[in-house]
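Accompanying notes for the structure given below.
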Amino acid sequence: MSAAHDVEALLAQLGSRVHLANVPQATHSLSHVLSTAWPELDALLPDGGLPRGVVELAAPHARGGATSVALAAVRAGQARGRGAWCAWVDPEGTLHAPGVVAAGVELARMLVVRAPRTEVARAALKVVASGAFEVVAIDIDGTSPATPERGRNLGSVARGDVLVRKLALAAEPSGTTVLLLTDSTRPRAAPWPVTLRLELSRPDLRTLSVLVAKDRRGRVHPARTLPFRPVALLAG
């Protein structure tokens, strides 16, 4: 059985336990922005938080702070209601459970999907289209080696900009925030049609550099540096 079918079967098995209908409707209608509860980060984002739709978190080798920002978003998504679930598509199993817990995320309300790299696109689309999750983080590049053709390892459903459009359409009915963790060092023929693109890097152990490379209106904002202390903020 393919990973996409496995995901579909798992979602059916979980049923209403991971359905957004369990969360009070007000949590979805109050705002189209997801505050990360990381004050310095929210302050420099154009909308004061992460928008609904597809957001790209680009960092060197898909690290450089992208995981911490994504975990902040997952925790914020879970905080929208007692029945709020989030998901993480982690093809290479790099997500560290103790670090997830330290970031204030409830493991009991986070679905982790470890689809093979070649089926990441199909599995991700199934998860997003289910409408069951406030936030879905997708490790697009991870640690797999670069290929001459961008996105070749995404699977047969879609590549690059096509995948982004499919994810955006799948996320629209439920207002899910989809986070793409990508490697900023890999070449790309053209920008992806994401709602927001953040370029992240770690100048040192104590700081995080954030460049808003694209906002809703296609604008670029100057890079800013903020304290890198998400675990302390989230655990507080």
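Scan the range 200-215 for residues that are at pLDDT below 90 and either open to solvent by less than 10 Å² (accessible area, probe 1.4 Å) or within 17 Å of the chain's Cα centre (by Cα) (or both) and the total you get is 1. Screening the range 28-43 for residues that are closer than 23 Å to Val164 by Cβ, touching a residue at least 60 places away in the same chain (Cβ under 8 Å) and not in a loop (DSSP other than H, G, I, E, B) and picking the one that is farthest from the chain's Cα centre (by Cα) gives His28. Exactly one residue out of Val54, Val100 is over 28 Å from Gly218 (Cα atoms) and touching a strand residue (DSSP E or B) at 6+ places or on another chain (Cβ under 9 Å): that is Val100. Among the residues of the range 155-211, which ones are part of a helix (DSSP H, G or I), β-branched (Val, Ile, Thr) and touching a residue at least 40 places away in the same chain (Cβ under 8 Å)? Val164, the sole residue that qualifies. Residue by residue through the range 56-85, note down the ones that are farther than 13 Å from Leu211 by Cα and either assigned to a strand (DSSP E or B) or hydroxyl-bearing (Ser, Thr, Tyr) (or both). Of everything in the range 56-85, those that are farther than 13 Å from Leu211 by Cα and either assigned to a strand (DSSP E or B) or hydroxyl-bearing (Ser, Thr, Tyr) (or both) turn out to be Thr67, Ser68. When restricted to residues that are under 20 Å from Val54 (Cα atoms), open to solvent by less than 10 Å² (accessible area, probe 1.4 Å) and out of contact with any Pro (no Cβ under 8 Å at 6 or more places or on another chain), the range 77-120 contains 8.
For Leu169, the criteria (1) out of contact with any helix residue (DSSP H, G or I) (no Cβ under 8 Å at 6 or more places or on another chain); (2) modelled with pLDDT of 95 or more; (3) closer than 28 Å to Pro39 by Cβ hold in every case but one, which is (3). Here Asp141 clears all of (1) within 15 Å of the chain's Cα centre (by Cα); (2) at pLDDT below 90; (3) open to solvent by 10 Å² or more (accessible area, probe 1.4 Å) except the condition numbered (3).
The values are calculated or read from the model by the stated rules, or taken from the named source; none is laboratory data. Values in this document were obtained by computation on a predicted structure and should not be read as measured data. FYI the Cβ positions are ideal-geometry reconstructions off the backbone, even for glycines, and counts take in every protein chain you see. For the accessible areas, the whole protein counts, side chains as well, though only heavy atoms, and no ligand, DNA or RNA atoms are used. Shrake-Rupley method; radii C 1.70, N 1.55, O 1.52, S 1.80 Å.
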